[in-house]
Every structure is written in C-alpha cells, then in structure tokens.
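One structure is given below, encoded as structure tokens.
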Number of protein chains: 2
Amino acid sequence: MARTTTPDFELQNFLPYLLNQAAEASSLGFQNVYKERYGMLRTEWRVLFHLGLYGRLTATEIGTRARMHKTKISRAVAKLEERRMLRRTPDAEDRRVEWLDLTMQGKSAYRDLFKVAQSYEADLLNGMTEDELRCLRTVLRRLASMDEN
Amino acid sequence: MARTTTPDFELQNFLPYLLNQAAEASSLGFQNVYKERYGMLRTEWRVLFHLGLYGRLTATEIGTRARMHKTKISRAVAKLEERRMLRRTPDAEDRRVEWLDLTMQGKSAYRDLFKVAQSYEADLLNGMTEDELRCLRTVLRRLASMDEN
DNA sequence: CCTTGTTAGTTACATTTTCAACTGTTATCC
DNA sequence: GGATAACAGTTGAAAATGTAACTAACAAGG
C-alpha cells in the first residue's frame, strides 16, 4: 500500500482535523439529550443557554458572543418562541432592536439542560488531571479567539 | 442584567462548546484554501487526504477511519471523480467493492494542500509550548475516541 | 440451490445551513 | 431637511447534511 508522501504525517495529528473529531465526539452525548428531550437543534440550545446564563440579550449580541450568523439566530429564536420558551420585547429607543428573554418554560428547560450539561461535562473531565484540564482550556480558548481581529 | 443561575458557569468553559469554537476557528483558514483553490468541501478534502496519505482504500475503509457516514463518502467520491481527482477500480473478488485511488490531478491537489496544511498547522502551533501541544493531542485523542465502543 | 441475512455503495426526500437580497429603522453628512 | 449609508432582523433559494429506503452482490444454513 504505497504512501504518496511523508509517512510520518498522520491525519489524526493534524490539529484542525483532530479538534473536529474531538468536538464532534464530545458533543454527541449532550446533543442527544436536548434533541430527544426538547427537539432542539444546536443553534437553539445555544441561544437558550446564552439567555439562561446572561439574561436578556438582543439577537445581535447573541450572535457576537456565540459567533453565530444572524440567520441562524433568527431561526433559532423563531423556533424557541414558537415553543413558548422565549419572549421578544421591542426596544423603546430603537425600533429595530428586540430584547429576548426566557419564559418560565424556557427557564425550566434551561435549568434542566444546565444540570445535564454539568454532569455530562463531569463525565468528559473524568480521567483528566487538573493540569490537563487547565492546559486544555487555555489552549482551546487561544485557538477559539484566533479570528478575533 | 440578572443571571438566571450560578454565575460562575461560563459557556466558554463548557467543554463541548469550547471545543466546537476552537475546532471551527482553527478549520476556517484551511477551509478557505481548499474551497477557493479547488472548490472542495470538508468531506472531499478528507477523502482526498485519506487516499493521499494511506494509498488505495475502499469507501467503507475511509468511512471507518474518518468516522464519516457512507452517504457523505459516496457523494464526496462522486465529486472527486467528476473532477478527475480519483479513480474507481472494481474489486476482482467481490463485485460490491470498489477500490479508490488518486489520479495525477488528485495527487497534485493533495500534495499542494498537504503543504498548505503543514504551514497552516505550524501557524496554529506557533506560540504553543511543547508541553501544551503534547497535552492537547493526548487529551483530544482521548476525547475523539470516546465513542469507540 | 434456495431462502434469509448481511454488506457495499447509491439514491430520494426531509431537514439544516448558507448566501444574498430584502424590509424597516436609525445615523451621517451635505 | 433630504439623500445616502449603516444596522437589526427576516426571508427565499441553493447547497449540504441526515435518514431511510433502495439495488446489487456475497454468505450461511438448511
């Protein structure tokens, strides 16, 4: 089985590839929960969590924080509103702007998923040393914020 | 801005979320190259690299190695064949099986992108210590192979 | 052989995502 | 004030993905 180039390069070592594999694998379990329990997509879960964690926000603010395109936000917000999980309030000053926040139902879903997220993450972290975790977070954050310029 | 729950939880610390952000950010630059230079998608790039690195393979083998669904492979292979980058050869023993390998054009695209991948990765790694890199790879590989069971 | 089950790969359809154009509103600058 | 640009958010069409059903070929047990 002839190799075409340098035999010491492994796809599994190529960082973007490896990161994607790890990200996908580590999202899967949590995805199953919000999907099966609330019929949510990744986008919807993210909007829900942003509102749950940081309180009332506008669509644009969520987009900036989550690095999500505005059309994704728009559709996620529409879905969550449909399911009575969030409420929109027009801004008094600027009529282009809408403030978003969670309804009771939204908060309840958020709290439920929040617990799931924590215990799910605990499982992921299980078997990782303190050092590994600190190192991982530092490096990942640096990578994640590379395009901020 | 009232927080709904425990204020010390940050979405940026939630591992699946952080991993996805890092994976996306770190794929972007390379994606631009294979997209603009060869009109490829992620799936196509992956198939190309598997064949470039590991030689002739069947679609199923690529699927197993890359953890890609067979429909993705099927479509990526069709696209690459269309662009004369790969060749299919029916297996002599088992007529369900097709062997895939790169044409001259495929190899040339692969070699080009391989160089891009290496220098791109070098940029990503730049500013990372040896320890950080080793730690990162170890942990990511562990996470990536969680669902192997 | 011949039924039943499994495997390799493709196709069809529904769901998501992306991209560009759109509406309505505010800001700028002459 | 009135043109023009910029911004918040939505919509529609095209591309990509996921899921299930499909074709064709092999395998195993009777």
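Observations on the model:
- Rounded tilt (10° steps) of B:104-125 against the dominant C-alpha axis of chain B: 10
- Cross-link partners for residue A:70 among the aspartates and glutamates, with Cα-Cα distance under 19 Å and sequence neighbours closer than 8 places in the same chain left out: A:44, A:61, A:81, A:82, A:91, A:94, A:98, A:101, A:147, A:148, B:24.
- Taking Cα atoms only, the orientation of helix B:15-38 departs from the longest principal axis of chain B by about 40 degrees.
- Angle in degrees between helix B:130-144 and the longest Cα principal axis of chain B, rounded to the nearest 10: 70
- With each label modelled as a point 7 angstrom along the Cα→C-beta vector, the residue B:116-residue A:37 pair spans 4.1 nm.
- Across the identical copies, the label point of residue B:145 (7 Å from Cα in the Cβ direction) is separated from its matches by 3.3 nm, in order from shortest.
- Sorted shortest first, the distances from the residue B:118 label point to those of the same residue in the other copies are 4.8 nm; each point sits 7 Å from Cα along Cα-to-Cβ.
- For chain B, the relative contact order is 19 percent, taking Cα pairs closer than 8 Å that sit 6 or more residues apart in sequence and dividing their mean separation by the residue count.
- Restricting region A:111-149 to GluC sites (Glu not before Pro) that sit in a DSSP loop and have at most 14 other Cβ atoms within 10 Å of their own Cβ leaves A:148.
No value in this document is a laboratory result; all are computed from the given coordinates. Quick caveat: nothing in here was measured; it's all calculated off a predicted structure. With ideal geometry, Cβ positions are generated from the backbone for all residues, glycine too; neighbour counts draw on all protein chains shown.
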